[in-house]
Amino acid sequence: MRIPTIARFSSTLDQRPHIVRVVYLALFILLSAYCVYHVARFASITTDENTYIDSPRGVLITAVVEGGASDRAGLKTGDVITAVNGKPVKNTGEAMEYILTGSEGKKLAYTIARDGREMVLTVVLAAFGIRLVTLSLILTGAAFLFMSAFVMLQRPRNADARLFGWATLLVGVFLMVNFNYSRFYYVSFIDTLNPFIMMVSFMLGFGSMYHLFFRFPARRFLAPVPTWIFSIVYGLPVLLITLVAVNLLPQKPFMMSVTTVLVVAVVETLLHFRLRLPKNPEYGSKARLVEIAGVLSVLFLSFSFYLQTAPDFAWQALFLGQVAVPGLIFAAIVRHRLFDLYVVVRRTSVYRGAVAALNISTVVLFAWAAIALSGTHWNIPVPTLTGTSFQFQDLSTFPDAERASIERRLMILCSLGIALALWKIRSRVRGVIDVKFYRGEYDYRRALTAFSKLSLRFSEPRDLAQAVVKDLTEIMHLSGAAFARRVNGRLTVDAASNLRLPPEDAP
């Protein structure tokens, strides 16, 4: 029987791991360098942090990012930009040109029309910035790149590991480059590569990723999967890109991702219930973490719908949790030793990492709380003492200088309270971590504490000994214990539990 071409090619790669490593490293270095360039380029583009459209009177502002450059300058939704730096603007293209020529600290004087009157507002362009949603995609993509290199370079002889490496590499690249520039920003050949790299990484990345999930973390079906299934898996992303190119689908990456997820989910359901391929029981036991990662992917993808309609949504920071998706996949590899990879993680390293994460989280929470307090307006009653009475007076009625002084004191007081509360919480969590990683040491300290308390409750040596033995067996989880002391050169046992003891007159 003739061996299929793909199978023969895979067998050839099994025998030549050095070629796999060289080709992979060359592609990995090139794509990683481009991803770094693209992220730095995207984040360094100057922006006035608002969105606008053409209107008969000029450029109509449709949204202003809260806390952004335009918001700080006083621009509002509904304002019409009629001139920039004294020069009239007729459309968004002309307005964009001024932003493109801006640099760090560059000020633009916007002449705007609002409620039938004109005013000039100065906007200081942001020199560097990136939305939290975009940052989450970058971090998630970087995590996929790390997993790809780790697995591919360790197991180039394993066909499933190679598929995993290529799939996660392409998906990671897509996540890091799918946020596109405006057409006004394409000024070099490298910039113009973005649409091409994004389309190729989407088509090959999503197809190979869904192909991978038929074989990862274990082969899902015992019977051979029909070839037409893989034709759909790889052909669907190509079809979606084609529909986008001819403007039959919105030119938004998340729409292509959603469509891919839904269609492939339907295909897999039909495959399972109509073709009734026998399911591999080993897959279920190993796929828990991967299935959780899949559910999280769908949730984050659904959440992105809301972020598209409400880009200034304050809780978009939750999207940073998307990094948990590659984290769970990597945890499945480590836990089940997939691809025959043995990752030895020292217990002390995990403990130090957990403690470091706890300390960093505590500091970050305190810093966030302090920053939030600094911007709080304290419209609360405060105690005051007049010449004849003790009163509570609304803080907003105080003179500005006195109110500012009182607000600083309140902020310091609240900061101290928050610091104390966070320290208490940290101590409790640190105790839980200590118990988890060093149970014996924790029980030893607990036993010493219990012993010190017992020594104050009992005056008779034998009563104290019996209490100590009883508590020791419970706290230290001992099968037996005894309390003995030497009296006049002889060993005397004052208390014992589940132990065979020598005679009391033993030397």
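Looking only at the range 362-375, which residues are open to solvent by less than 60 Å² (accessible area, probe 1.4 Å), in a helix (DSSP H, G or I) and without any contact (Cβ under 8 Å) to a residue 40 or more places away in the chain? Scanning the range 362-375 gives ALA367, ALA372.
So that you can scan it fast, the table gives a plain yes or no per residue for (1) within 27 Å of the chain's Cα centre (by Cα); (2) modelled with pLDDT of 80 or more; (3) farther than 30 Å from ALA149 by Cα; (4) surrounded by 13 or more Cβ atoms within 10 Å (Cβ to Cβ):
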{"site": "ALA26", "(1), (2), (3), (4)": "no, yes, no, no"}
{"site": "TYR34", "(1), (2), (3), (4)": "yes, yes, no, yes"}
{"site": "VAL39", "(1), (2), (3), (4)": "yes, yes, no, yes"}
{"site": "THR47", "(1), (2), (3), (4)": "yes, no, yes, yes"}
{"site": "ASN50", "(1), (2), (3), (4)": "yes, no, yes, yes"}
{"site": "ARG57", "(1), (2), (3), (4)": "no, no, yes, no"}
{"site": "GLU66", "(1), (2), (3), (4)": "yes, no, yes, no"}
{"site": "ASP71", "(1), (2), (3), (4)": "no, no, yes, yes"}
{"site": "VAL80", "(1), (2), (3), (4)": "no, yes, yes, yes"}
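Would you please name the residue that is least open to solvent (accessible area, probe 1.4 Å), looking only at residues in the range 336-349 that are in a helix (DSSP H, G or I) and at pLDDT 75 or above? Top of the filtered list is LEU338. Go through (1) open to solvent by less than 60 Å² (accessible area, probe 1.4 Å); (2) aromatic (Phe, Trp, Tyr); (3) at pLDDT 70 or above and name the single condition TRP423 misses. The failed condition is (1).
Out of curiosity, is SER231 within 30 Å of VAL334 (Cα to Cα) and either at pLDDT below 70 or in a helix (DSSP H, G or I) (or both)? Criteria not met by SER231. In this entry, PHE330 is excluded by the filter for residues that are modelled with pLDDT of 70 or more, open to solvent by less than 70 Å² (accessible area, probe 1.4 Å), in a helix (DSSP H, G or I) and over 30 Å from GLN154 (Cβ atoms).
Figure legend. Inter-residue proximity from the range 473-492: first residues modelled with pLDDT of 70 or more, second residues among the acidic types (Asp, Glu) and open to solvent by 50 Å² or more (accessible area, probe 1.4 Å), beta-carbon distance below 9 Å, spacing 6+ or different chains. Indicated pairs: ARG490/GLU504; ARG490/ASP505; LEU491/GLU504; LEU491/ASP505; THR492/GLU504.
The values are calculated or read from the model by the stated rules, or taken from the named source; none is laboratory data. Keep in mind it's a predicted model, so treat the numbers as computed, not measured. Cβ: placed from backbone, ideal geometry, glycine included. Neighbour counts: every protein chain shown. Heavy atoms of the whole protein, side chains included, go into the accessibility calculation; ligands, DNA and RNA do not. Shrake-Rupley method; radii C 1.70, N 1.55, O 1.52, S 1.80 Å.
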